[in-house]
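The values are calculated or read from the model by the stated rules, or taken from the named source; none is laboratory data. Everything quoted here is computed from the prediction, not taken from an experiment. Note: ideal-geometry Cβ built from the backbone for every residue, glycine included; neighbour counts use all protein chains shown.
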Amino acid sequence: MGAAAVPFIVFTVFWGGVGIVLPIIVPKGPNRGIIQVILMLTGVTCWLFWLCCYVAQMNPLIGPQLDRHTLLVMAKEWGNELK
């Protein structure tokens with residue numbers, strides 16, 4: 001299973017909208033700068049977290065845990081009998 005372009009594009013556009021578009025349309029007020037920074041940081045960190053989770057699923061570090069009986073059956077069926 002490799003990387004697909006559609007999820008990458010969809011999530012990049014979504015979090016780009018949160019981090020780029022929404023700060024532009026924040027109404028004027030005393031806390032406008034803080035709200036803009038919060039939205040930008042939210043967009044960047046959420047996109048980065050999603051990207052790390054997405055990439056980690058391409059090559060998982062932990063494989064399936066099989067019991068001894070299953071391993072013996074697999075070895076017999078594949079012609080590699082264990083002694």
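Where the second residue is surrounded by 10 or more Cβ atoms within 10 Å (Cβ to Cβ) and not in a helix (DSSP H, G or I) and the first is on the phi < 0 side of the Ramachandran plot and modelled with pLDDT of 80 or more and lies in region 57-83, which pairs have Cβ atoms under 7 Å and are six or more apart or on separate chains? Close Cβ pairs satisfying both conditions: 58/3. Taking the conditions (1) free of Cβ contacts under 8 Å to residues at least 24 places away in the same chain; (2) closer than 28 Å to residue 56 by Cβ in turn, residue 8 satisfies each one other than (1).
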